[in-house]
1. Taking the range 260-305 on its own, how many of its residues are part of a strand (DSSP E or B) and farther than 30 Å from Ile323 by Cα?
2. Just to be sure before I move on: is Asp172 acidic (Asp, Glu), open to solvent by less than 80 Å² (accessible area, probe 1.4 Å) and at pLDDT 90 or above in the structure I sent?
3. Looking at the range 306-323 only, could you name the residues that are touching a residue at least 40 places away in the same chain (Cβ under 8 Å), assigned to a strand (DSSP E or B) and open to solvent by 20 Å² or more (accessible area, probe 1.4 Å)?
4. Looking at the range 165-197 only, could you name the residues that are assigned to a loop (DSSP other than H, G, I, E, B) and of a type outside the set (A, V, I, L, M)?
Amino acid sequence: MPEQSSASPAALPPEQSPRPRVWAVLADERLPGFRGLSPKQRAAYATVAVAAVVVSVLLAYQANLLLDWLTATDRARSNRQAEETVDRERPAFVSTVTPLDHDQYIPEAVAILLDRPLTEDEQATLTAMNGNAPQVWEFLKPLGGRVVEHPTGPVGSDEHGPENRGEAQTFDLNLNSDRVAGLTINNMTAVKDSCRAPTAQTVVNIPPAGSGPRQGLLWDLTGGPTDKPYGPYILDEGESQGELYFRRNVVELGNGQSNMAFRIQPEVSTHTCEWHIVASYTDTTGSHEQRIPSGTGVFTTEAIPLQPVQYFERVPGTGWGCIGKMSQKGCSATEFVRLPKPPQRRGPI
């Protein structure tokens, strides 16, 4: 039996080994004719191929730079237009309304309204008080009381602003804009949506005792639904008190401007009115209007009824006067009390 050789098979020549053959095939696919060249020609061929790739990359890079340079202005203009479009899609400004917190602060001169008469015991409790507004409010709030403020101090004269003013329900109005582009509010107009006779049955009146005017803006909404509102007038003390606010002022919003806060004092007389504000503003696209509150929201300002079922008034230094259906217990100053008359409308200035 022939003896089997334990020697390993003879090594294949380099050109016949599997790895170089695969490499040569792949190189020939990328570089046609590469496999048939001599080593020196292969090196030259590879150098030229690499140089061609580098040149192509550089040319492509330079072409992109050139294209970017040629289109930079158009792209910048397009981007700016897109940003402006997105910016204009935001609300021009946002309004936030905050009613005055009477638990934290209640004016000295107020009337508190209820939708039902006070019982005899409740009347006795009220007339035993000294007429301190916070104390009276603490007692009447759980019974459904609502605060109506009396105007304090003179505002204007025959030439400037309303002098005989109605009753008010004050709130804070904050205006803020997130727009990049600025805008200017150059006027704000009050519009009555509806007015009706006041429905409160009980009025507890704590009249003013010589206190000064408050800061803020006053809107004259006195009268009924067909009586045009006037304002806003400046309440702050100074030379401009009683003048129309937007006669000399504007409100700048957006473009990094801080928010604008107002204390609004809308005043009514014979009618409770629902109303809203129309703000006129300009921006880079022209003149526009925006409603405050947004949508169909309204403000409600309640009036004091002319003939309530019960009327209580604290007469300074004397006691309580009481008019209407009540026991008169504790009402020692009734002879000094008269039901208030509605203020006179002043009209435009």
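1. Residues of the range 260-305 part of a strand (DSSP E or B): 260-268, 272-283, 286-292, 299-301.
From the residues that got through so far, the ones that are farther than 30 Å from Ile323 by Cα too are 260-264, 275-283, 286-292, 299.
Result for the range 260-305: 22.
2. When the stated conditions are applied, Asp172 passes them.
3. Correct list: Glu313, Arg314.
4. Arg165, Gly166, Gln169, Thr170, Ser177, Asp178, Arg179, Gly182, listed by residue number.
The values are calculated or read from the model by the stated rules, or taken from the named source; none is laboratory data. Everything numeric here is computed off the predicted structure, so don't read it as measured data. Because the Cβ atoms are built from the backbone with ideal geometry, glycine has one as well, and the counts that use them run over all protein chains shown. Protein only, heavy atoms only, side chains kept; ligands, DNA and RNA dropped before computing areas. Shrake-Rupley method; radii C 1.70, N 1.55, O 1.52, S 1.80 Å.
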